[in-house]
Amino acid sequence: MTHTPREIAAAIALGLPAVLGAGVFAGFAPAAGLAGWWLLPALAISAAAALCSAFSTADQSRAYPDVGGGYGYVRAQLGVWPARMTASAHLLGRCAMAAALAVMFGAYVVPDQPLAGALVLVAATALLGAAGFRWDVGVSTAAAVVVLGVLVLVAVASFAIPPVPSAGETGSANELVGAAGLMFVAFTGFERVTAPHRGERPHPPGVLRIAIPVLVGLPFAVYLAVGAGVLRQLGSARLALSPAPLRDALVAADAAALVPLVQIAAAVAGVTALHFVLASAHRTLTGLVEDGDLPGRLKPAVLSVVVVAACALAVVVMPLSIALGVAACATLFYYAFTNASARVLLQNDRTWPMRTACLGLGLSVLLAMSTPVPALLISFAGVGAGTGLIGATASLRGRRAASRRHTPPARTPGRS
């Protein structure tokens, strides 16, 4: 079946705002601290891992259209306990990603009160979602145009003026894979298109064959240009210390007049990407409730409050570098499970070959294990604790249900 350019453009427009987030606005700093200029080739590794993972989620969404994202796919393909680990990794990654987006927003938009600005962003985005605001094609297109346009301006301005000699360089090629793991967060968000929520019209495979490579390839090209520009203006040592690299690069390039545009783009990117992050976490929690892994009395409104509270707590306790690292590590573990489950799909359910899922699995594990040690330890602890809590809750509910089934009904005294 032939699909029109309008259908393909609509799918790309829906996905781009979910992809353009904290990774491009703040991720270059910790990545430069690890790998210096090697962060640019690291972006290619991140993009390859994201592309394979996008292929896997698209195939699984087509095979299981009525389940709750990666958690549901893994439960259907690999079983209950892998699914619980997947859910734990996803929820931890979403909370850390929400913290990274909110702290990024605070650093760019409210630099004098970054924590207050971050918490306001979480609350405001949650209220937008509760009010039923929908990021349709028109709104998503406007958001993507704003963010991409400002990123192009930053790249052009960074190359327009020769930089001041750098005070030194940092990072090494040995940390290439670690930087690739951190920058993976700059490409997540493609599930907005590859695994739409219930009630949303799925995109046909013919549309996704073009939309997915564009959703990963276009940001990759822009990130390369922006990353090279900020590295040129700031140098890797100064970039590694910057809380707002794009803003500082413009100031260094004598283009401070463009800083308000960067603040607008950071605000737009923060709200749009955070909306997807909150909705994605809510979907996973809903799947856990529906499958009996969490108490059935947890209604959608309660789940929304739980998600917002967890994200606000992450904002308070996680600095930006830790939030980005945990978001990357936990999300990579999540995609390791989803790629593993995609490997066992039947051939009739595939649009892409099985080897892309195998490559995605290998890259996800490699990049996750190469993230900074604090992020790796927090991710291991969080996934372990979350899996244990989900398992204990499900076991308790199962015992209570069994007890109710085996309890004989009370006798009604007969008449004498």
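Please treat every number below as a calculation from the coordinates, not as lab data. Everything quoted here is computed from the prediction, not taken from an experiment. Here the Cβ is made from the backbone with ideal geometry for all residues, glycine too, and neighbour counts use every protein chain on show.
A few comments on the model shown:
- Checking every one of the GluC sites (Glu not before Pro) in the range 140-203 against DSSP loop status and a limit of 13 other Cβ atoms within 10 Å picks out GLU200.
- Estimated vicinal HN-Hα couplings, Hz - the range 192-204 in sequence order (Karplus 6.51, -1.76, 1.60; Gly, Pro = x): 4, 10, 6, 9, x, 6, 4, x, 8, 6, x, 8, x
- Electrostatic tally near LEU361: other residues with Cβ closer than 12 Å to its Cβ, Lys and Arg +1, Asp and Glu -1, net +2.
- Note on SER403 and LEU346: with the Förster distance fixed at 41 Å, the Cβ-Cβ geometry gives a FRET efficiency of about 0.55.
- Calculated Rg and Dmax of the range 8-395 using C-alpha coordinates, Å: 19.4, 63
- Measuring gaps between exposed loop sites in the chain (trypsin sites (Lys or Arg not before Pro); DSSP loop; at most 14 other Cβ atoms within 10 Å), the longest gap, sites not included, is 1-133.
- For the chain, the longest principal axis of the C-alpha atoms and the axis of helix 320-342 are separated by about 50°.
- With Cα atoms as the point set, the range 160-296 shows a radius of gyration and Dmax of 19.5, 61 Å.
- Angstrom value of the Kirkwood radius, inverse mean 1/r, which spans all Cα pairs in the range 146-198: 15.0 Å
- Near LEU346, once Lys and Arg are set to +1 and Asp and Glu to -1 for all other residues with Cβ below 15 Å from its Cβ, the sum equals +1.
- Max mean-square fluctuation residue, GNM over the chain, Cα-Cα springs under 10 Å, options PRO372, PRO202, PRO260: PRO260
- Distance between the C-alpha centres of the range 148-165 and the range 239-295: 21 Å, rounded to the whole angstrom.
- In the chain, Cα pairs under 8 Å separated by at least six residues give a relative contact order of 35 percent.
- In plain terms, the residue of MET97, MET354, MET318 with the fewest other Cβ atoms within 10 Å comes first and the most crowded comes last, giving MET354, MET318, MET97.
- Where labels lie 7 Å past Cα in the beta-carbon direction, separation of GLU290 and LEU115 in nm: 3.9 nm
- When the chain is treated as a GNM with alpha-carbon contacts under 10 Å, the residue of LEU320, LEU366, LEU332 showing the greatest mean-square fluctuation is LEU366.
- GLY70 sits among other residues whose Cβ lies under 10 Å from its own Cβ, and their net charge, with Lys and Arg +1 and Asp and Glu -1, is +1.
- Most mobile of ASP254, ASP59, ASP293 in a GNM of the chain (Cα contacts under 10 Å): ASP254
- For the pair VAL139 and ILE210, a Förster radius of 25 Å applied to the C-beta separation gives a FRET efficiency near 0.70, rounded to the nearest 0.05.
- Nearest-ten-degree value, helix 39-63 long axis tilted from longest Cα axis of the chain: 30 degrees
- Geometric extent, Cα atoms of the range 263-355 - Rg, Dmax (angstrom): 16.7, 47
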